[in-house]
Amino acid sequence: MARHGENIRKRKDGRWEARYICGYQENGRAKYKSIYGKTYLEVRNAKRAMDAEQILPGPIIKSTEITYGTLLEDWLETIRIEVKESTYSRYVFLIDRHIKPELGKIRLAKLTAAEIEYFIYQKLQDGRLDGKGGLSPKTVSGLVSVIRLSLIFAENRNYGCMKTASVKNPRQTPSRMQILSEEEQKKLESCIMERFDTIHMGILVSLYTGLRIGEICALRWGDIDEEGGTLTVQRTLMRIQNTDEIKFAKTKLIMDTPKTECSSRMIPIPSFLSKVLEMNRKRDSAYILTGSERYLEPRRYYSKYKKILEECGLQRFTYHTLRHTFATRCIENGFDLKSLSEILGHANVSTTLQRYVHPSMNLKRRHMEQLEKISICGHKSGHPER
C-alpha cells in the first residue's frame, strides 16, 4: 500500500520503492528516480538522504508559462506510486481521451471556471467518444474530480491557477437501480439448480453474498472456510487500460486488492449455500468459477451470465443486479443495516441506504399498515390487518 504524500509504496514483488525528484525537464516537469529496499524504513531513510543531498534548481520555465496539459502530466507522474494501478489507469484514460484534447493547450494561469463549465456542458451534450451523444453525469463527475485534484496539486506547488472551489460537479439524478423481483429470482434459481455447474454456482454465490463480478472471478476455494461458515474477500480481478511503457495490448488483466479497505471483508455464508459449496469443494488453490488454477476473466464470465439469463427467459439484467437484489432482500427480511453495510464492504451505512437498498412496494405497504396500531381511526374502522 502506498504511503500518501511520501511517494513510497510496497511493490507486488515484496520490495519497497521510493521515488524522488532528481531534476526538471525543459517543459518544467519533474524527473524522478526510484530507490528500492526490503523495508519501508530502509527506503524512507534513503529517500530522505537523497532529498537532503540534492540542490536542485526550480523548474526551468515559469509557472505562468506552464500549460494545463503539462501540469496534468506532472501530476500523473507524482501520484503514480501512491494510487492503485486501476485508479491510475482510469485517470490516464480520462485525461488522454477527454481532458487534454479540450483543455490541455490552455496555459494554467489562463484556465478559468467559465472554460471548465463549458467543458462540462459539452461533455454532457456530446462527449461520448463514439459520437453517440453525451457522457453520463457520473462520468463527467469523474472528469471534474480529476480536474479538481490536479488543481490542488498546482496550488500546493504555488502555481498561479484558479481556485478549486470554482470547479463544480454536474447535477446528478440517481438512476433507478435494477433488482430481480421475487418471481424472477425464483426463476433464476430454478434454472441454476437444473443445470448446475461452476458458472451457475458463481451466480448463486453472488446472489446470496452480494459479491461483485471481479470479486467472484478472483474467489478461490481457499477463501471459503466451511468449518467457520465464512467467505473472505481479499482479491478482485479486473481489466484496465494498459499504461505500461512497453505495451503489448491496449488493456490488461490485473489481480488486485479490493477497491477500498472496507471491501476486504469476511462474509458469513448462509447454511443452505454452505451445503451447496461443500458438495462441490475443490482444492484450495482452485478458482470456484473454473475448478482449476486458471481464472475466468470478468468479461468472459459476464458473457456466460447473459447467456444463462436468456436460457432462463429473463431480461438482460447486469451482473451488478445480483448485488442490488441481495441488499434489497436483506432489508426486506429485517437485516441490521450496520451488518449489511459491512457484508457489502461499504465504508458507512448511508452508502448502503442511498446506493443499494430499494424497498419494494409490498414492504412499504407492510410498514404503513403498522400505523394502525397507534391510530384511533384504525381501531374504529375495524379493518383487518393485511
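Given the criteria touching a His at 6+ places or on another chain (Cβ under 7 Å) and in the same structural domain as Glu73 (by TED's automatic domain parsing), does Leu149 qualify?
Here the answer is no, as Leu149 does not meet what is asked.
Let's see how each residue does on (1) part of a loop (DSSP other than H, G, I, E, B); (2) within 19 Å of Thr236 (Cβ to Cβ); (3) in contact with a helix residue (DSSP H, G or I) (Cβ under 7 Å, 6 or more places away or on another chain):
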| position | (1), (2), (3) |
| --- | --- |
| Leu180 | yes, no, yes |
| Phe196 | yes, no, no |
| His200 | no, no, yes |
| Ile216 | no, yes, yes |
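Counting just the residues of the stretch 112-146 that are polar (S, T, N, Q) and outside any helix (DSSP H, G or I), which one comes out surrounded by the most Cβ atoms within 10 Å (Cβ to Cβ)?
The qualifying residue surrounded by the most Cβ atoms within 10 Å (Cβ to Cβ) is Ser136.
Out of Arg294, Arg300, which single residue is among the charged types (D, E, K, R) and in a loop (DSSP other than H, G, I, E, B)?
Arg294
Quick one: what pairs do we get from the stretch 250-262, first residue more than 23 Å from Lys338 (Cβ to Cβ), second acidic (Asp, Glu), C-beta under 9 Å, 6+ apart or different chains?
Taking only residues 6 or more apart or on different chains, the pairs are Lys252/Asp244; Leu253/Glu297; Ile254/Glu85; Asp256/Glu85.
Looking at the stretch 181-194, can you tell me whether even one residue there is within 17 Å of Glu342 (Cβ to Cβ) and either among the basic types (Lys, Arg) or out of contact with any Cys (no Cβ under 8 Å at 6 or more places or on another chain) (or both)?
no
Being charged (D, E, K, R) and over 14 Å from Cys217 (Cβ atoms) is the filter; apply it to the stretch 235-258 and report the residue that is surrounded by the most Cβ atoms within 10 Å (Cβ to Cβ).
Per the stated criteria, the residue is Lys252.
Scanning for something at pLDDT below 90, out of contact with any Lys or Arg (no Cβ under 9 Å at 6 or more places or on another chain) and crowded, with 16+ Cβ neighbours inside 10 Å, does the stretch 293-308 turn up at least one residue?
For the stretch 293-308, residues at pLDDT below 90, out of contact with any Lys or Arg (no Cβ under 9 Å at 6 or more places or on another chain) and crowded, with 16+ Cβ neighbours inside 10 Å: absent.
Out of the residues in the stretch 6-30 that are closer than 22 Å to Gly69 by Cα and surrounded by fewer than 16 Cβ atoms within 10 Å (Cβ to Cβ), which is modelled with the highest pLDDT?
Cys22
Are there any pairs with C-beta distances below 7 angstrom linking a residue in the stretch 219-239 that is more than 19 Å from Ser292 (Cα to Cα) and in the same structural domain as Gly291 (by TED's automatic domain parsing) to a residue that is assigned to a loop (DSSP other than H, G, I, E, B) and modelled with pLDDT of 95 or more, with the two at least 6 apart or on different chains, and if so which?
Gly229/Ile269; Thr230/Ile269; Arg239/Glu297
When the residues of the stretch 69-106 are filtered to those that are among the aromatic types (Phe, Trp, Tyr) and surrounded by 18 or more Cβ atoms within 10 Å (Cβ to Cβ), which remaining residue is nearest to Leu149 (Cα to Cα)?
Checked the stretch 69-106; the qualifying residue nearest to Leu149 (Cα to Cα) is Trp75.
Which of the residues belonging to the stretch 339-357 are modelled with pLDDT of 90 or more and surrounded by fewer than 15 Cβ atoms within 10 Å (Cβ to Cβ)?
Ser339
Residue check, Thr164 against (1) hydroxyl-bearing (Ser, Thr, Tyr); (2) at pLDDT 95 or above; (3) not assigned by TED's automatic domain parsing to the domain that holds Thr230, all met but one. Which one?
The single condition Thr164 does not satisfy is (2).
Residues to consider are Leu211, Leu180; find the one that is at pLDDT 95 or above and not polar (S, T, N, Q).
Leu211
Within the stretch 266-278, is there a residue that is of a type in the set (Lys, Arg), farther than 20 Å from Met177 by Cβ and not in a strand (DSSP E or B)?
Among the residues of the stretch 266-278, at least one is of a type in the set (Lys, Arg), farther than 20 Å from Met177 by Cβ and not in a strand (DSSP E or B), which makes the answer yes.
Rundown of residues vs (1) closer than 19 Å to Pro258 by Cβ; (2) out of contact with any His (no Cβ under 8 Å at 6 or more places or on another chain); (3) basic (Lys, Arg), yes/no style:
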site	(1), (2), (3)
Thr173	no, yes, no
Lys186	no, yes, yes
Asp197	no, yes, no
Cys217	yes, yes, no
Thr230	yes, yes, no
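Under 6 Å by Cβ, and 6 or more places apart or on different chains, what pairs join a residue from the stretch 300-323 that is in the same structural domain as Met201 (by TED's automatic domain parsing) and closer than 22 Å to Ala218 by Cβ with one that is surrounded by 11 or more Cβ atoms within 10 Å (Cβ to Cβ) and among the small types (Gly, Ala, Ser)?
Taking only residues 6 or more apart or on different chains, the pairs are Leu322/Ser206; Arg323/Gly210.
The values are calculated or read from the model by the stated rules, or taken from the named source; none is laboratory data. Keep in mind that what you see is a predicted model, and the values were worked out from it rather than measured. So basically every Cβ, Gly included, is an ideal-geometry build from the backbone, and we count neighbours across all protein chains shown.
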